[in-house]
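Student: Submitted below is the structure of interest, expressed as structure tokens.
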Amino acid sequence: MEKKEGFFLTEEDLRAAIREMKTYVDITEGDLKKIYETALRIAKERSLTTVPVERVMTKEVYRVKVDTTVREVAQMLMEYRISGLPVVDEEDRVIGVVSEADLLPLTGMRGSALGRFKKWWRERITSPKIYERVGEVMNKPAITISPSDHIGKAAALLNKWGIKRLPVVNDEGKLIGIVSRADIVRVIGEVNW
């Protein structure tokens with residue numbers, strides 16, 4: 001069978017393509033081409049569900065602790081141009097996640113008005129009034145994923161919960177990486193469609 005760009009066509013892919021056609025097939029050149037194209041699409045879709053999270057995750061992850069101030073979190077989000085951070089305990093176990101969306105209500109804004117939020121925050125960055133701790137605004141428990149899980153599962157979790165990133169944790173719950181929607185999109189871009 002053909003092997004190309006990290007995926008390959010199997011006999012099961014061809015059988016699945018024929019079943020998907022839902023008709024008796026008297027093979028002509030056009031039919032064969034349609035079967036091949038359908039099987040190729042099925043093989044590509046299957047290949048995306050076999051890519052492990054550890055292959056695409058970011059391993060160098062910024063993180064904060066529960067006693068980090070909201071001010072420090074906002075500064076990190078702006079400085080590193082990221083939209084969220086895992087919150088860890090003293091043993092580096094993930095206990096929550098804090099994102100731009102968690103900080104917006106502190107400004108009285110609703111939705112994802114990030115541009116306005118950044119302007120508002122810059123104007124008040126030195127204000128002594130903002131000293132809430134991240135533990136008070138983070139989402140908990142964190143939705144996490146294992147490095148051996150496939151990106152199809154990661155995509156499903158991101159979609160189900162409407163989030164942008166998943167902390168990747170080992171068997172002890174310790175942070176070892178992060179996988180984002182952008183990481184999954186990058187894998188899709190690598191497949192020769």
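Student: Looking at (1) at pLDDT below 95; (2) in contact with a Lys or Arg (Cβ under 9 Å, 6 or more places away or on another chain); (3) not acidic (D, E), find the lone condition where V185 falls short.
Tutor: Only one criterion in (1) at pLDDT below 95; (2) in contact with a Lys or Arg (Cβ under 9 Å, 6 or more places away or on another chain); (3) not acidic (D, E) is unmet by V185, namely (2).
Student: Just give me the residues in the stretch 62-91 being surrounded by fewer than 18 Cβ atoms within 10 Å (Cβ to Cβ), within 20 Å of the chain's Cα centre (by Cα) and touching a residue at least 60 places away in the same chain (Cβ under 8 Å), in sequence order.
Tutor: Answer for the stretch 62-91, where residues must be surrounded by fewer than 18 Cβ atoms within 10 Å (Cβ to Cβ), within 20 Å of the chain's Cα centre (by Cα) and touching a residue at least 60 places away in the same chain (Cβ under 8 Å): R63, S83.
Student: Quick check, is R46 surrounded by 15 or more Cβ atoms within 10 Å (Cβ to Cβ) and basic (K, R)?
Tutor: Yes; evaluated as a whole, the condition is true for this residue.
Student: Which residues, counting only those in the stretch 49-61, are surrounded by fewer than 18 Cβ atoms within 10 Å (Cβ to Cβ) and either small (G, A, S) or farther than 17 Å from I143 by Cα (or both)?
Tutor: Within the stretch 49-61, T49, T50, P52, R55, K59, E60 qualify.
Student: Looking at the stretch 27-41 only, could you name the residues that are under 17 Å from E12 (Cβ atoms) and either not assigned by TED's automatic domain parsing to the domain that holds E11 or not hydrophobic (A, V, I, L, M, F, W, C) (or both)? If you could, list the steps in order and put the result at the bottom.
Tutor: Within the stretch 27-41, the first condition is being under 17 Å from E12 (Cβ atoms), and the residues that meet it are 35-41.
Correct list: Y36, E37, T38, R41.
Student: Let me ask something else about it. Test of understanding: among V88, V137, V179, which residue is modelled with pLDDT of 95 or more, assigned by TED's automatic domain parsing to the domain that holds V66 and farther than 27 Å from T50 by Cα?
Tutor: V88
Student: Quick one: in the stretch 1-42, of everything that is in a loop (DSSP other than H, G, I, E, B) and among the polar types (S, T, N, Q), which residue is modelled with the highest pLDDT?
Tutor: Step one: of the stretch 1-42, the residues in a loop (DSSP other than H, G, I, E, B) are 1-2, 5-6, 9-10, 22-28.
Subset that is among the polar types (S, T, N, Q): 10, 23, 28.
Working: T10: 72, T23: 77, T28: 74.
So the residue we want is T23.
The values are calculated or read from the model by the stated rules, or taken from the named source; none is laboratory data. Computed from a prediction, not measured in an experiment: that's the story for all the values here. Because the Cβ atoms are built from the backbone with ideal geometry, glycine has one as well, and the counts that use them run over all protein chains shown.
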